[in-house]
1. Treating only the Cβ of Lys, Arg, Asp and Glu as charged (+1, +1, -1, -1), what charge dipole size does chain A show about its Cα centre? Round to the nearest 20 debye.
2. So, with +1 on the Cβ of K and R and -1 on the Cβ of D and E, and no other charges, what is the size of the charge dipole of the protein assembly as shown about its Cα centre, to the nearest 20 debye?
3. Counting only other chains, what is the mean number of Cβ atoms within 10 angstrom of the Cβ of each residue in peptide C:62-72?
4. Report, largest value first, the span of the C-alpha coordinates of segment A:1-68 along each principal axis, in whole Å.
5. Rounded to the nearest Å, what's the spacing between the alpha carbon centres of segment A:97-125 and segment D:36-114? Just the number, please.
6. What is the Cα convex hull volume of segment C:82-151 when expressed per residue in Å³?
7. Treating the point 7 Å from Cα along Cα-beta-carbon as the label, what are the nm separations from C:Ala143 to the other copies, to one decimal?
8. Please compute the average number of Cβ atoms from other chains found within 10 Å of each residue's Cβ in peptide A:76-83.
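Each reported figure results from applying straightforward, stated rules to the coordinates on display, with no laboratory input. None of the values given here were measured: they were computed from a predicted structure. Backbone-built Cβ (ideal geometry, glycine too); neighbour counts: all protein chains shown.
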4 protein chains.
Amino acid sequence: MSKKANITNRKTIQIEWGDCDPAQIVHYPRYLAYFDACTTALFKKAGLSKRQMPNTHQIVGIPLVDLRASFKAPTRFSDTVVVESEITEWRRSSFCVRHRLFNKHVLAVECFEIRVWAVTSEADPDQIESKPVPREVIEMFSAEHNHRPAHQKSRRKKR
Amino acid sequence: MSKKANITNRKTIQIEWGDCDPAQIVHYPRYLAYFDACTTALFKKAGLSKRQMPNTHQIVGIPLVDLRASFKAPTRFSDTVVVESEITEWRRSSFCVRHRLFNKHVLAVECFEIRVWAVTSEADPDQIESKPVPREVIEMFSAEHNHRPAHQKSRRKKR
Amino acid sequence: MSKKANITNRKTIQIEWGDCDPAQIVHYPRYLAYFDACTTALFKKAGLSKRQMPNTHQIVGIPLVDLRASFKAPTRFSDTVVVESEITEWRRSSFCVRHRLFNKHVLAVECFEIRVWAVTSEADPDQIESKPVPREVIEMFSAEHNHRPAHQKSRRKKR
Amino acid sequence: MSKKANITNRKTIQIEWGDCDPAQIVHYPRYLAYFDACTTALFKKAGLSKRQMPNTHQIVGIPLVDLRASFKAPTRFSDTVVVESEITEWRRSSFCVRHRLFNKHVLAVECFEIRVWAVTSEADPDQIESKPVPREVIEMFSAEHNHRPAHQKSRRKKR
């Protein structure tokens, strides 16, 4: 499966007063909160509910282990921005999510998250450990997989 | 037990850049986050660890049910403020915590929280219900109780 | 003008993972951040942009001076809630905004904000002081005023 | 001036309930808020007040342009952590700040920030542009500069 085939999620975010700091721009930790929500939305678009994944996929979650972000232009209160999110790489037990935040079509922030497919450690239940991402999960992010007729998708989501 | 006898906790808080909004003042939801931490600190001073209370007192927590706050003067980035917290009233299954935030000895924010002593409902484990606050918990907030010699207090805390 | 005549804004909010705490419910200061954004949205619906009001109405803002909130039911990650906001009372230099947050049609949180119409003090430019709310501002929140044909409203908004 | 010579700031942070998410660990955007405050504290230790720098150094600030962070171990509510911050590299108009967050002496999070020395653009007052970091600013972070006898330093800080 090529990178190109991956689905992309677009999330529209209204910049709120409380997200901005005395310099009149978004306080950058808020961008990371946006992006965390965007990863959740990307998984939801693929049919994977973060809330249900502990039951449906026996994982504790997809914790972040590594983060890179570039802040190219500021965004301000009352701006409406769009974040495009997609998985750019699948590794054995981890994957890379790229978020690009656009303000009036200009790339303002770019972020790369490395997350792991995490389960409770069998050796020590207080620890978590990574596990290979199941093939069927990866396939759910394939754009082709998601181009099936809408009625099939909606049935799948309801299961 | 009179009100006067209750212990008071004083917490010093440094106002951070990220707590302030484009009007150059603390964005008020942050005050509520401060006060939540101040209630935790008040309980800790009384010998009650929020983290341990599910084990030591079989409760799910002390959730907030009612909040009142008055914002009398702004505080700004790099201000150092002091929050004085105390329990002003014990009711049957709930209690009132008062927080007063002082900026250079001027009362800037006053807040009253009503919290309940909450346990898992026996009828429905997905619900919580309030329960009478144990007498020994109330006594732990008595100033007199806390005026015992330090070595006794520290022993109690370690249990 | 009666209370009934006031416009109401409805804002749909997706509860995000990062808004929730270890008790699996929304950490209550986040509700106040939601409500602050809801007041902004209510004013926008009335044709008043928080960003533009310093220019259009020569005020520094509409700061909160008093807050009351009741937390009646918890909301959790992935819940979609609706906040209904309206101005319930106009006083001389202040006004009361009521927010009601509904989770699956159940009232989960109710909040009352008292805000003031604030200008820079002429006596001391470092201070702010309240000023009577202009009649034309109050009229913008009248439902009747907003029931005018859409082309009139959009013209007004663009001015 | 070698890297070794730079001053280090140590900031003790109490992990609060509201900083943690339903997985019972710190929600990672909060770490970035901690680190932003740690950079402010590092500058303050060097004698540079973020609040005063617009006046004392004619800059608009030291905005973040690039961020990298590695999350190696979780931290939880009621943990007390220590963040060690230092400038690891001075470039012409930018510099790198490294933060290392330790939980019980174990490195839990490491973060590298690239920040710029930013002034208002002369060509367009709505834009900011970077400017060479003044030599005297760099020298303020030299450990040697700060190794002057304690009574001198404390006197300087109190002025």
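1. In debye, rounded to 20, chain A gives about 940.
2. Around 100 debye, computed over the protein assembly as shown.
3. Values: counts 0, 5, 5, 5, 5, 11, 6, 7, 5, 6, 2.
That works out to 5 on average.
4. Projected onto the principal axes, the Cα atoms of segment A:1-68 cover 43, 29, 23 Å.
5. 22 Å
6. Details: hull volume 9.9 nm³, N = 70.
Here the figure is 142 Å³ per residue.
7. 4.7, 5.3, 7.0
8. Across A:76-83, the average partner-chain Cβ count within 10 Å equals 2.
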